[in-house]
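The values are calculated or read from the model by the stated rules, or taken from the named source; none is laboratory data. Here the structure is a predicted model, which means the values were calculated and not measured. Ideal geometry is used to build each Cβ from the backbone, glycine not excepted, and the neighbour counts take in all protein chains shown. Side chains are part of the model used for accessible areas, which takes the heavy atoms of the whole protein and leaves out ligands, DNA and RNA. Shrake-Rupley method; radii C 1.70, N 1.55, O 1.52, S 1.80 Å.
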Amino acid sequence: MKHSIAYLLTMIGASFWGLTGLFVETLYSYGFTAWEIVTIRLLSSSMILLAILALFSRSYLKIEWKHIPHFIGLGVFGIVLFNWFYFKVMEQTSISIAVVLLYTSPVFVAILSKIIFKEKFTIQKLLSIVLTIVGCSFAVQLYHLAIFICRFIVCYWEYFPLFSVRFIV
């Protein structure tokens, strides 16, 4: 696949992902439940994907029996439940909070990777987790950015003499 086509498909996919919230909010306004929206979304996307694969890459439609448990696990427990939780948060709070909660997933991946796969927990991962939590707290206004900046400036000027003395002496 050419790089330009790959970039184009990525942009189209990201655009569709961005429209998910509007799609869900519209269906909620018509009285649909989260499970009904999950069903509509996954059935329609499955039919579209099936049609595209049937037209352009039939070989991908052939699966082995040993792969079926993986498809069930990923499909039912992964995609279906993820969509249901995501849409349920949209129903009970707002699209913006649902997206912020979604973007905390790297925190859980880093922590679970350490626990399950015994991956090394680096300073970069720790910094990423802290910045993710801080950024999400700003996004949901758990902590107002203006107050944070003011306190940072006050602390900076309060401790500046201590740090500057080290370089002068």
Requested in this report: Within the stretch 92-119, track down each residue that is under 21 Å from Phe138 (Cα atoms), open to solvent by 70 Å² or more (accessible area, probe 1.4 Å) and not in a helix (DSSP H, G or I).
Outcome: Thr93, Tyr103
Report task. For the stretch 19-38, enumerate the residues that are more than 11 Å from Glu91 (Cβ to Cβ) and surrounded by 16 or more Cβ atoms within 10 Å (Cβ to Cβ). Result -> Thr20, Gly21, Val38
**Report entry** Contacts under 7 angstrom Cβ, first residue in the stretch 32-48 being within 17 Å of Leu19 (Cα to Cα), partner basic (Lys, Arg) and open to solvent by less than 70 Å² (accessible area, probe 1.4 Å), 6 or more apart
**Finding:** Ala34/Lys88
Query raised in the report: Do we find that Leu43 is part of a helix (DSSP H, G or I), among the hydrophobic types (A, V, I, L, M, F, W, C), modelled with pLDDT under 90 and open to solvent by 90 Å² or more (accessible area, probe 1.4 Å) in this structure?
Result: no
Requested in this report: Would you check if there is a residue in the stretch 49-72 being closer than 20 Å to Ala98 by Cβ and of a type in the set (Lys, Arg)?
Outcome: no
Query raised in the report: When both residues are 6+ apart or on different chains and their Cβ atoms are under 7 Å apart, which pairs have a first residue that lies in the stretch 1-24 and is touching a residue at least 40 places away in the same chain (Cβ under 8 Å), and a second that is surrounded by 10 or more Cβ atoms within 10 Å (Cβ to Cβ)?
Result: Gly21/Met90; Gly21/Ile95; Val24/Ile37; Val24/Phe87; Val24/Met90
Query raised in the report: Any idea which of (1) surrounded by 10 or more Cβ atoms within 10 Å (Cβ to Cβ); (2) under 22 Å from Ala14 (Cβ atoms) is the one Lys88 doesn't satisfy?
Result: (2)
